[in-house]
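Read-outs throughout are calculated quantities, based only on the coordinates presented, and are distinct from any laboratory measurement. A quick note: this is a predicted structure, and the numbers were derived from the prediction, not measured. A quick note on method: Cβ atoms are made from the backbone with ideal geometry, for glycine too, and the neighbour counts reach across all protein chains shown.
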Amino acid sequence: MRKSEMSTEQINNRSIIRNVLLNSGWVENENQRWFDEDGFVYYEASVYYNNIDMSISVNYKADKEVMYLSIGDRLNNGLDLVIKFDDNLDRLLKAVVSFQDIISSSNYKEHISKILKITPDVYTSVDEDGEELVRVLDNADNVNFNNGEK
């Protein structure tokens, strides 16, 4: 989507995501410079963060009003979540920032459970193409790292 095609609300959501995460040490993907030049970008906001064990990325898809949260370890194991945030964007981002330095392959379900308390509309893909989504259960028991397919 191009900047000129976005609504005021979509631009505001993009700004909130960028401001909160960039101010918390996240890095913006290079292709985001095209957005400011009204070039086409697939994700209207795209940032990432690396802690000692994990790589985390957040991508915002304005036309779907969803945030993609990807979490992966150094062995390329990980998972991808699709989060419909509605009016909970600020709270969702605060939760992500709260665990950015401590999330690991051994405690990720605990942190996903925090997200589920903010919004129940959290999904994960169950097929290789990422097309078939299932809702994440309240305790995140149906969410597991894939093995080297992240």
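Within a 10 angstrom radius of the beta carbon, how do 67, 54, 1 rank from fewest other beta carbons to most? Write out the running numbers ahead of the final one.
On the way: 67 25, 54 20, 1 15.
So the ranking, lowest neighbour count to highest, is 1, 54, 67.
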* Point-to-point label distance, residue 53-residue 30, nm (Cα→Cβ direction, 7 Å offset) -> 3.1 nm
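Between the DSSP loop rule and a limit of at most 12 other Cβ atoms within 10 Å, which trypsin sites (Lys or Arg not before Pro) in the range 47-135 are left?
Values: sites: 61, 64, 74, 84, 91, 94, 109, 114, 117, 135; in loops: 64, 74.
Here the trypsin sites (Lys or Arg not before Pro) that fit, given the DSSP loop and packing criteria, are 64, 74.
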* Asked: Given that just one value was derived from the coordinates, which of [x] 8.4; [y] 7.8; [z] 16.9 is mean projected area of the Cα convex hull in nm²?
  -> [x]
* **Modelled FRET efficiency - R0 30 Å, residue 134 with residue 37, Cβ distances, 0.05 increments** => 0.20
* To do: For residue 66, list long-range residues whose amide hydrogen, built 1.01 Å from N in the peptide plane, is under 5 Å from its own amide hydrogen.
  => 61
* Structure fact -> With x for Gly and Pro, the residue-by-residue ³J(HN,Hα) of the range 27-34, computed from phi through the Karplus equation 6.51 cos²θ - 1.76 cosθ + 1.60 at θ = phi - 60° and given in whole Hz, is 10, 8, 5, 4, 5, 5, 5, 5
* Once Lys and Arg get +1 and Asp and Glu get -1 on their Cβ, which of 123, 32, 111 lies farthest toward the positive end of the dipole of the chain? -> 111
* Asked: About the Cα centre of the chain, what is the dipole size in debye to 20, counting +1 per Lys and Arg Cβ and -1 per Asp and Glu Cβ, all else neutral?
  -> 480 debye
